[in-house]
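Trainee: Have a look at the structure that comes next, please.
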Amino acid sequence: MTKRKFGVFSSSENPEQLALTVKGIIVSLASLIVLVAAGLGFPISVEQVAVLAGSIGTAVGAIATLSGLIRKIVIAVQARIRS
């Protein structure tokens, strides 16, 4: 099985990239995100929102990788205890 950089949010075409569906959702909400942020006193641009989308994808991928690694360690320790 191919290692997916962003877990379930990875592209089916290229597992090293964030899925277009996720990017599309974030980009379609970008103007709303910019409007809400401006209302809260945080002036940001659509480009910054796009960078944020990539960062979120990276964070999700890292969390999925870490949880998988922890699960493997727990299973390996349990297997040794049972033997």
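Trainee: Label A62 and L29 with points 7 Å out from Cα along Cα→Cβ: what is the distance between them in nm?
Mentor: Roughly 2.0 nm, to one decimal.
Trainee: Roughly how many debye, to the nearest 20, is the charge dipole of the chain about its Cα centre, given +1 on each Lys and Arg Cβ, -1 on each Asp and Glu Cβ, and no other charges? Can you show the working numbers first?
Mentor: Details: 8 positive and 3 negative charges, 134 e Å.
Approximately 640 debye in magnitude.
Trainee: Name the residues whose placed amide hydrogens come within less than 5 Å of the amide hydrogen of S10, ignoring near sequence neighbours (fewer than 5 apart) on the same chain.
Mentor: A19
Trainee: While we're on this one: Say each of A79 and T21 gets a label point 7 Å from the Cα, pointing the same way as Cα to Cβ; how far apart are those two points in nm?
Mentor: 3.2
Trainee: Can you tell me the length gained on complete extension of the stretch E13 to F42, counting 0.36 nm per residue apart and subtracting the Cα distance? Walk me through the intermediate numbers first.
Mentor: Numbers: separation 29, 0.36 × 29 = 10.44 nm, distance 3.53 nm.
Between E13 and F42, full extension yields an extra 6.9 nm.
Trainee: If I histogram all Cα-Cα distances within segment 7-82 using bins 10 Å wide from 0, what percent of pairs lands in each bin?
Mentor: 18, 33, 24, 15, 8, 3
Bear in mind these aren't lab numbers, they're just calculated from the coordinates by the rules spelled out. A quick note: this is a predicted structure, and the numbers were derived from the prediction, not measured. Don't worry about glycine lacking a Cβ; one is built from the backbone with ideal geometry, like all the others, and counts go over all protein chains shown.
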